[in-house]
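Single-structure report; data block below.
Values in this text are rule-based calculations from the coordinates and carry no lab data. Here the structure is a predicted model, which means the values were calculated and not measured. Here the Cβ positions follow ideal geometry from the backbone for every residue, glycine too, while neighbour counts run over all protein chains shown.
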Amino acid sequence: MKLPVARKEIKNFQPYIPGKSIEEIKNKFSLKEIYKLASNENPLGCSKKVKKILNNLYKTFHRYPEGSSLILREKIAKKFRISKEEVIVGAGTDELIELVAKTYLKKEDNIVVSEHAFIRYKMAAQLMGCKIISVAMKNFLHDLISMGKKVNKRTKIVFIANPNNPTGTYNKEEELIWLLNYLRTKKFYPIVVVDEAYYEYAKSYKNYPDTLKLRKLYPNLLILRTFSKIYGLAGLRVGFGISRKEIISELDRVRAPFNVSVVSQHIANIVLDDKEHIEKSLNLVVKEKEFLYKNLDKLKINYIPSATNFILIDVSPYKGSYIFKQLLSRGIIVRAMDEYNFPKHIRVTIGTHKENLLFIKYFKEIIKKKGN
Ligand SMILES: Cc1ncc(COP(=O)(O)O)c(C=O)c1O
């Protein structure tokens, strides 16, 4: 039987490779304890408030969810003092990234993105078969001036991860304003997607942009946030976008009708205001980041100071993939960074103190062994 042929873009498409799962590594190495520091999740898990409601929630499982995540959108809108028509909820920000691409990109169009930006932007453009204008970073930071200058009349989307994954660096408000003003003076109006997946970790850093304020002046901004990181709900797949209502309504037409499950909508709604859990999670990252920095300094290992819950560590002269494999066999999952063209780096999520201690212990053991 002759099967239909997939689009040519699919043939060249490299699927995203997620971090190794705990079960997979447990079986492979016959280990009892596995510590996952690979996917920038919250090591404390989610809020205790979630446990309380789970027992009753099953009663609604036979019903389709409310299609547009209305109650959650209303709650988000209230929190940020905007209207619910300016909010879209997705199955993680991942879905929203793909949704913007599907909504706006034709083959003749292009996106502008920085070289080592979060990889899903390039993948979304590839999927649509359009051109990717990739701009070199400066000091591991998106070079927003060069990115602005690469925009042309076929540019439909500029993607900015702020802070960026995997570098952990962030662009300041004045840099973002420069880009938005420059595009305006050139009369280019691509959608400027500012992906703030790590917003809660970064917001108190000096001159971190207040995009909610900027969106009033620059209506082509689309802000993305997620429940996967500090909220500790990566497994539930919920994220949201904020933009002017014309953009949101276009995205909404492309969105699958029941894209976010009953459970995800309900739980995201409950944790949105859980200040206690957010504060506890943030404090852990602040404290443990210092612990990791101090230990890496002692080992004379370079790293990029991070505004997030992970650190990009330069393990040269070793290959990142070597350190990754060595840690894996000891039950610690981190990420090698070859797909980001950082062959001599690993990315480590900041875990609990116990996890970080073990990471440092094994990391030290691996580099010492090789050195001798
Ligand atoms: C910068 C950035 N954006 C988006 C995502 C996707 O997150 P979500 O779980 O909301 O799809 C990630 C996940 O690691 C990320 O690092």
Residues other than Ile111 with Cβ under 9 Å of its Cβ, Lys/Arg counted +1 and Asp/Glu -1, net out at +2
Percent of beta bridges antiparallel (DSSP, region 59-271, rounded to nearest 5): 35 percent
Computed label-point distance, nm, for sites Lys79 and Lys300 using a 7 Å Cα→Cβ extension: 4.6 nm
Which of Lys106/Lys186; Lys28/Lys325; Lys172/Lys300 exceed 19 Å between C-alpha atoms? The answer is Lys106/Lys186; Lys172/Lys300
Taking the dipole about the Cα centre of the chain, with the C-beta of Lys and Arg at +1 and of Asp and Glu at -1, give me whichever of Ile360, Thr349, Phe291 is farthest to the positive side. Ile360
Once Lys and Arg are counted +1 and Asp and Glu -1 for all other residues with Cβ under 9 Å from that of Ala77, the total becomes +3
Sum -39500 (n - 2.57) across every DSSP H segment of at least 4 residues in the chain, then divide by the residue count to get the 222 nm mean residue ellipticity, nearest 500. -12500 deg cm²/dmol
Per-residue ³J(HN,Hα) for region 31-42, Karplus 6.51 cos²θ - 1.76 cosθ + 1.60, θ = phi - 60°, Hz, x for Gly and Pro: 9, 7, 10, 10, 10, 9, 10, 10, 10, 6, 8, 8
Subset of Lys206/Lys354; Lys138/Lys280; Lys149/Lys213; Lys36/Lys131; Lys11/Lys156; Lys213/Lys294 violating a 26 Å alpha-carbon distance limit: Lys206/Lys354; Lys138/Lys280; Lys36/Lys131; Lys213/Lys294
